[in-house]
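Below is one structure, written out as structure tokens; comments come after it.
Only the coordinates and a few stated rules stand behind these numbers; no lab work does. Being a predicted model, the structure only gives us computed values, none of them experimental. Cβ placement follows ideal geometry from the backbone for every residue including glycine, while neighbour counts extend to all protein chains displayed.
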Amino acid sequence: MKKIFSVFVASLYLFGADYYYMNGDKRVDLTPMPQKETALRGLKNIMTFKNPAGQEIAIPDKIIVKFKTLDNTGDYLNLYDLKVLKKLRGGVYLLGAKSPKAAIEAANALNDAPDIMYAQPDIIKKRHLR
Amino acid sequence: MRSFLYVCSIMAFFLFAGCGSGGGGGGDETTIVVNHIRSASPFDRNPLYPQQWALHYDRSFYNELFFKHDIVGDEDANIHMLPTTQYTGKGVKLGVIDSGLDVSHEDLFGAVAATYNVATKDADVMPTSNDMNHGTEVTGVAAASSNEKGIVGVAPQASVYFVKLPFGQAVSESQIIEAFEKMKEWDVDVVNCSWGSGDMDIGVKDAIVDLTRNGRNGKGVVIVFAAGNEGDRIGNDESSIDEVIAVGSTNIHNERAGYSNYGNTLDLMAPGGEYVGITTTDQMGSAGESSGNYLLYDSRYAFAGTSASAPIVSGVVAQILQANQNLTREEVIQVLETTADKIGDIAYDENGRNDYYGYGKINAANALRSDR
């Protein structure tokens, strides 16, 4: 049973679920990769991927959302089971989701919502000093 | 006894200054201190000033380059910084977002007005390892005091506002946004960013654009980004944002450094070291990458790259804003672009730019003398 489960998990990584997020209007497809094989290992409660540029990124259980209007924020939070973690600035919030997968799904759904300017996972990656 | 008292008084001074500027011990929140009044000695009284080839031409140093290193430098490789202390960034808030900063550095005493560590949410931005040197190197280039200790920064009387990000580890988009929001809260005038992602997301771009448009009471904060060191075309990078200044590097021969990224979003050039490094501040004493307090031009770990070029431009921006605080971001950028030296052997278009040098290499003297 354990072996079958391992094969199932491995096949998920090999063939991948359809993971992506929206960077504005641009769809960014993600290739899942085991966290232990990434330089981002050690972080907790994340999913790790490679983006189309080959860069390793991690997605936590958080998303960044910019609202056009704050009239219906409560509805959106309830609909996608989100909570406010921090106000980043006017209209821009860091929201918490139940899991990294839920964060990706919520961000993608919210990105299409009429009251929302943009929504994306709180992407974690290495940045380079120059 | 006298020496003991002397040591005690020095320790007390370090302790006081360290607490005041947020170094060492850290705290629960950002520390804002009244900036020490920094006087500015004549630049040539700083012992390492002769080797600061990026700022001025020094014949004896060029002779040393030739006889010691067999390098024949171009006398115009520098930015022609005015030799007087008329424009030193006095009264200007210069933000730096980088790795750790040695706030106890002898050449940064009194320079640091506020610090914030995004990862730990306190004011402790001190480096935690010898190789966490970048922020100290960058800040020294931009704002080291003219105090007759070592070097002089381009804006030696600017007030430094420093945010530490966990470079070298994973950094989240929200942490980057928080860094720029802290700059907005501090109401800084110019922000230096000697880093980049090469793959920018919309949240970070939005935060940067917001600061450039709405900071400084609507006049706009000038944000300076290093263009990158891959010798490649600038892609979807923070330096590609229209509202920021993307800075590439030139060398001692007054040419584009081979590593310097290029493209249609490149704005300006400044010396960045190649063959000859940019002398700057190291962590004090045995900490850092050298055994002393400075990284010299010919050190094994000499500072070079577009990271070194960007703070030169940030420093000149501070000089310009000291001259006229009312200038908008667009006006500052226009001054820099229209007064830059058209160096290199690549033709500039009718707007005065090309993809390899942008609008050319900044010329501080021209920028400060231009009719504003």
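Roughly how many nanometres apart are two label points built 7 Å out from the Cα toward the Cβ at A:Asn78 and A:Ala109?
So the two model labels end up 1.4 nm from each other.
Mind checking which lysines have their C-alpha under 18 Å from B:Lys361, skipping anything on the same chain fewer than 8 residues away?
Within the straight-line limit of under 18 Å, B:Lys361 reaches these lysines: B:Lys342.
B:Leu295's amide H: which non-local residues (gap 5+, or another chain) put their own amide H closer than 5 Å, with H modeled 1.01 Å from N in plane and none for Pro or chain starts?
Distant-sequence amide H within range of B:Leu295: B:Thr280, B:Thr281, B:Asp282.
Ranked highest first by the average count of other Cβ atoms within 10 Å around their residues, in what order do B:141-151, B:350-360 fall?
Descending packing order for the listed peptides: B:141-151, B:350-360.
Say R0 is 25 Å: what FRET efficiency, to the nearest 0.05, do B:Gln169 and A:Lys101 get from their beta-carbon distance?
Taking R0 as 25 Å, the efficiency between B:Gln169 and A:Lys101 is 0.60.
Can you work out the FRET efficiency for the pair A:Thr69 and B:Ser60, with r the C-beta to C-beta distance and R0 = 51 Å, to the nearest 0.05?
0.20
I need the calculated FRET efficiency for the pair B:Glu350 and B:Val209, taking r as the beta carbon distance and R₀ as 22 Å, to the nearest 0.05.
Computed FRET efficiency for B:Glu350 and B:Val209: 0.20.
Dividing the alpha-carbon Rg of chain B by 2.2 N^0.38 Å yields what?
It is 0.92.
Using Cα pairs under 8 angstrom and six or more residues apart, how large is the relative contact order of chain B, in percent?
On the way: 956 pairs, mean separation 66.2, N = 372.
Over chain B, the number comes to 18 percent.
Nearest 5 is fine: what % of DSSP beta bridges in chain B come out antiparallel, could you say? If you can, show how the numbers build up before the last one.
Numbers: 10 of 39 bridges.
That works out to approximately 25 percent antiparallel.
What's the center-to-center distance, using Cα atoms, between the stretch B:125-188 and the stretch B:287-309 in Å?
16 Å
Ordered by residue, what ³J(HN,Hα) values in Hz, to whole numbers, does the stretch B:80-93 give under the Karplus form 6.51 cos²θ - 1.76 cosθ + 1.60, where θ = phi - 60° and Gly and Pro are x?
With the stated coefficients, the stretch B:80-93 comes to 6, 5, 4, x, 8, 9, 5, 10, 10, x, 4, x, 9, 8 Hz.
Just the number, please: Stokes-Einstein D of the stretch A:28-103 in µm²/s, Kirkwood Rh from C-alpha pairs, 4 °C, 1.567 mPa s.
Answer from the Stokes-Einstein relation: 94 µm²/s.
Restrict the search to the stretch A:24-101; then list the trypsin sites (Lys or Arg not before Pro) that DSSP places in a loop and that have at most 15 other Cβ atoms within 10 Å of their Cβ.
When the trypsin sites (Lys or Arg not before Pro) of the stretch A:24-101 are filtered for loop state and at most 15 Cβ neighbours within 10 Å, A:Arg41, A:Lys44, A:Lys68, A:Lys98 remain.
Which pairs break 19 Å Cα to Cα here: B:Lys121/B:Lys184; B:Lys93/B:Lys184; B:Lys121/B:Lys164; A:Lys26/A:Lys126; A:Lys87/B:Lys184; A:Lys83/B:Lys164?
Over 19 Å apart, Cα to Cα: A:Lys26/A:Lys126; A:Lys83/B:Lys164.
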